[in-house]
1. Can you tell me which residue in the stretch 100-128 is farthest from Arg245 (Cα to Cα), limited to those that are more than 8 Å from the ligand (Cβ to nearest atom), in a loop (DSSP other than H, G, I, E, B) and under 16 Å from the mean Cα position of the chain (by Cα)?
2. Does any residue of the stretch 151-166 turn out to be of a type in the set (D, E, K, R), more than 16 Å from the ligand (Cβ to nearest atom) and out of contact with any helix residue (DSSP H, G or I) (no Cβ under 9 Å at 6 or more places or on another chain)?
3. How many residues are within 16 Å of the ligand (Cβ to nearest atom) and either within 19 Å of Ser134 (Cα to Cα) or modelled with pLDDT under 95 (or both) if we restrict to the stretch 188-221?
4. What is the residue count in the stretch 302-329 for residues that are in contact (Cβ under 8 Å) with a residue 12 or more places away in the chain, over 19 Å from Arg127 (Cα atoms) and surrounded by fewer than 16 Cβ atoms within 10 Å (Cβ to Cβ)?
5. Read through the list (1) at pLDDT 95 or above; (2) near the ligand (Cβ under 10 Å from one of its atoms); (3) in a helix (DSSP H, G or I), then give the number of the only condition that Cys142 fails.
6. Hey, does the stretch 226-238 have a residue that's touching an Asp or Glu at 6+ places or on another chain (Cβ under 7 Å), assigned to a helix (DSSP H, G or I) and of a type in the set (A, V, I, L, M)?
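The values are calculated or read from the model by the stated rules, or taken from the named source; none is laboratory data. What you are looking at is a predicted structure, and each value in this text was computed from that prediction instead of being measured. A quick note on method: Cβ atoms are made from the backbone with ideal geometry, for glycine too, and the neighbour counts reach across all protein chains shown.
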Amino acid sequence: MDTSEQSSEELILALLADGSPEFTSGEALSDKLGLSRAAVWKNVESLRRKGYRIEAMPAKGYRLAEIPDRLTPLELTPLLQTQEIGRVLHYREELESTNELAFQLAVEGAAHGEVVIADRQTRGKGRRGRGWSSPPNLNLYCSIVLRPELPPQRSPEITLVAAVALAQSLNELDAPARIKWPNDLQVEGRKVAGILTELSADPDQIHFAILGLGINLNGGRSDFPPELQASATSVSEVIGHRISRAPFAALLWKHLESWLRTHAERGFPPVRAAWKRAAATLGKKVRIQEEGRLIEGTAVDIDDSGALLVKNARGQIERVVAGDLEQAP
Ligand code: BTN
């Protein structure tokens, strides 16, 4: 389901969401939408059949009491607080990988901010050729087309921008998130979210970047493959209640858009400072495999391009651009 135009149902949901927690009168809805009262009622009934709980009170109007936990434009669009991200949404119930479809759409000209989102992925991609476990009904899997004005050497900054926005969003759910360099989101030392950025670029300009975000919101231990059960967790396991996916997506995209704007206007320094505040890695003993080279020491900083600075046993600082990092607890 692709949309950029809003249906009457979406507009009613947007008005009810705006008015929430108060009631919105049927008259106000019919005036604002240019629909008869009977047409408003028909749309409300249709929304109820889709799982929305909409209360109706004589003389007061309608109130949105509950939205179903789905990720179609009908649920997402009324919640958006962004100018660009998610304003064009490509929802699929199932995809091999949202990054794959987003890449294809970007090649065909998809604009900055278009989002591909799926309820489940059958071949979700992780970093360094790994997979990403993507069961249905539980989590968030989305890929965002970005068209930043940056040379490709600065592309790691985009991933760090996303890590900062994710950490901020998770913290607002009361899940104390920390970033493990470069871009794993951890809560209580276990991974809750990952970022996979893929690029199309020539030597001096990025054509587009696909920012793929996978967040374990609601899975229990048994929803993870056995090999991840010790190292992964979900937000709901930590905070003890289920997270509605659409409001979380809207929150995340709001923070992401704001951090992308900060990055475009002020460059990397404010992102670096926020990344450092949320970092789990700094001050820790680390081991990093970087293309055949093993680096061991204490992580001391990230530099002004996002590379990790590690002080080795001889007291020298080694600069690490990419790699698989193990860190002491
Ligand atoms: C990692 O290995 O930490 C990165 C995981 C990224 C997973 C997300 S889920 C949505 C998007 N589509 C994919 O196939 N991968 C990313």
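1. Here the answer is His112.
2. For the stretch 151-166, residues of a type in the set (D, E, K, R), more than 16 Å from the ligand (Cβ to nearest atom) and out of contact with any helix residue (DSSP H, G or I) (no Cβ under 9 Å at 6 or more places or on another chain): present.
3. Number satisfying all stated conditions: 20.
4. 10
5. Only one criterion is unmet by Cys142, namely (3).
6. The answer is yes, given that some residue of the stretch 226-238 is touching an Asp or Glu at 6+ places or on another chain (Cβ under 7 Å), assigned to a helix (DSSP H, G or I) and of a type in the set (A, V, I, L, M).
Okay, residues lined up against (1) closer than 30 Å to Gln121 by Cβ; (2) among the basic types (Lys, Arg); (3) without any contact (Cβ under 8 Å) to a residue 40 or more places away in the chain; (4) not in a helix (DSSP H, G or I):
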{"site": "Leu16", "(1), (2), (3), (4)": "no, no, no, no"}
{"site": "Leu29", "(1), (2), (3), (4)": "no, no, yes, no"}
{"site": "Lys42", "(1), (2), (3), (4)": "no, yes, yes, no"}
{"site": "Ala59", "(1), (2), (3), (4)": "no, no, yes, yes"}
{"site": "Ala65", "(1), (2), (3), (4)": "no, no, yes, yes"}
